Amino acid sequence: NSFCTLLGMRFVFVCIAAVIASTNVVDAYFYVPGTTAKEYEDGANVSITVNSLRSMSAVVPYDYYHLPFCRPQEIYGTMYESMGQILAGDKMESSLYQFGMNKNVTCRRLPCENTAQVKAQLKELKSFIDQGYRGHMSIDNLPGFTPLDTPLYNTQCKNPVPLNFVVSGARGYNLGVPAWCTGKTLLNNHLDFVIRYHQPEGALKRVVGFHIRPRSVMFNAETVCDDSFNLERGQVSPLEVEAIGDKSPVTWSYSVTWIEDKKTTWATRWDDYLNTSVADSSARVHWVYIINSILITICLCVIAGVMLLRTLHKECNEYNSQDADALAEEMGWKLVHADVFRPPQHAELLSIAVGNGAQMVLLAVAILVFALLGFLSPANRGGVLTAMLICFALFSMASGYVTSRMLVTIAKKEWKVIFGSGMLFPGALFFCFIFIDVVNWHLGASDAVPFKNIVL
């Protein structure tokens, strides 16, 4: 029996190692289990999808077309959305930004000039710009980022830039420049796309990088959106939100620059995005948090040890100073032994809490294992939330088992408590979710889940 057990454990470890090796070695074709690279021929149509409007200072996210951007006549969403995407409100929608693979575009206008819509929502547009809202876009499921060398505007701001306007390496692009920076509120109506592609030997081109440089451009007789358009510093006038009117229509435009990247493969194209966090910028950040955690742990252990020693020292002195008759009466810490196996006052709630705690521990372990195996890559939108919901439902059996064992241990035989383990904690989470969803629906947030999706 022991030999069969060891053989079975060895087989499981070999399978896990094979899965890890397959997700790391064969990076030319697969970097998330179950996904393949999308390849393009020269001149093939490449489209950009829009996601939402989010801010580092404001809490509520909005749909991308909540503001009067140039939009297609019919907006299409993604054909398939996971459970996590639906609950998180992470939906992708079509846009008018379309161009050919490896075909540079100097300047191209979008087929709309919605000056009237912008004037009607001028106050809201300025409010979004002042709050630091950013437009989120994606190409081939790869989110667009602002490059590290992109300033808030072509020139330096007059005042210090707040943290929520620091755009270096941030996802999305700034909708505009607030008035405190240049004196006037500027609208970023031109997007400069810098797209990197990789072409493996014997294969077609694959998108491995997507950067967005927002610009504010006043198009007039001197600044024309054609092949002579130049985005160099000082050669274009910005578009002021206050000046939007009949004489200055809002023209939305974009430019595209393709760059071949021979080092970044399709399997490692997310590394640049994952390395933009503050924690990855320097090893000193990791050491600071590690030392901080160690010091806090040592301080807590010292405090608990000093309190325990003082209590024991005091009671030992009392025992040593009394005669034999006084010692016959139990006192101090000796009284605890009679209460060790005493059932608690709220044994049912304790059992439910322990069962749900075991369920959450198993959930955390399962999510970590799936993440280490590569199944929860950021390229899999909504994958983490979907996996959490599925694992939470599966591990409800463990919650019921631990709850029943806890009841047996404390001499309780109320089987109705098992239903409490499956209704109390999940029910509280569900009511909190419904309350937050109603608030988001009232505010018009993009992550508000429709009622029919909740029912389904």
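The values are calculated or read from the model by the stated rules, or taken from the named source; none is laboratory data. These numbers were taken from a predicted model, which means no experiment stands behind them. Here Cβ is always computed from backbone atoms with ideal geometry, including for glycine, and neighbour counts include all displayed protein chains. Heavy atoms of the whole protein, side chains included, go into the accessibility calculation; ligands, DNA and RNA do not. Shrake-Rupley method; radii C 1.70, N 1.55, O 1.52, S 1.80 Å.
Once you have the Cα-Cα distance between ILE390 and ILE410, take 0.36 nm times their residue separation minus that, and quote the gain in nm to one decimal.
Fully extending the segment from ILE390 to ILE410 adds 4.1 nm.
Express in Å², to the nearest 10, the accessible area of LYS412 obtained by rolling a 1.4 Å probe over the protein heavy atoms while all chains stay in place.
60
Extending each Cα 7 Å along its Cβ direction at MET397 and GLU74, get the distance between those two points in nm, one decimal.
Once both label points are built, they end up 4.6 nm from each other.
Round to the nearest 10 and report in Å² the accessible area of VAL455, as given by a 1.4 Å probe over the protein chains' heavy atoms.
100
Solvent-accessible area of CYS301, probe 1.4 Å, all protein chains present, reported in Å² to the nearest ten, please.
Surface accessible to solvent at CYS301 totals approximately 90 Å².
Set the Förster distance to 35 Å, then compute FRET efficiency between ALA179 and THR36 from the Cβ-Cβ distance, nearest 0.05.
0.15
Just to make sure I understand: if all protein chains stay in place, what is the order of GLU315, GLU260, GLU41 by accessible area at 1.4 Å, largest first?
GLU41, GLU260, GLU315
Using a 1.4 angstrom probe on the protein heavy atoms only, line up LYS119, LYS263, LYS126, LYS314 by accessible area, largest first.
LYS263, LYS314, LYS119, LYS126
Tell me the label-point distance for the pair SER237, SER47, using the 7 Å Cα-to-Cβ offset, in nm and rounded to one decimal.
Reported label-point gap for SER237 and SER47 is 3.7 nm.
Using a 1.4 angstrom probe on the protein heavy atoms only, could you order VAL105, VAL369 from most to least accessible area?
VAL369, VAL105
Taking the Cα-to-Cβ direction at ILE298 and at LYS314 and moving 7 Å from each Cα, how far apart do the two end points lie in nm?
Reported label-point gap for ILE298 and LYS314 is 2.8 nm.
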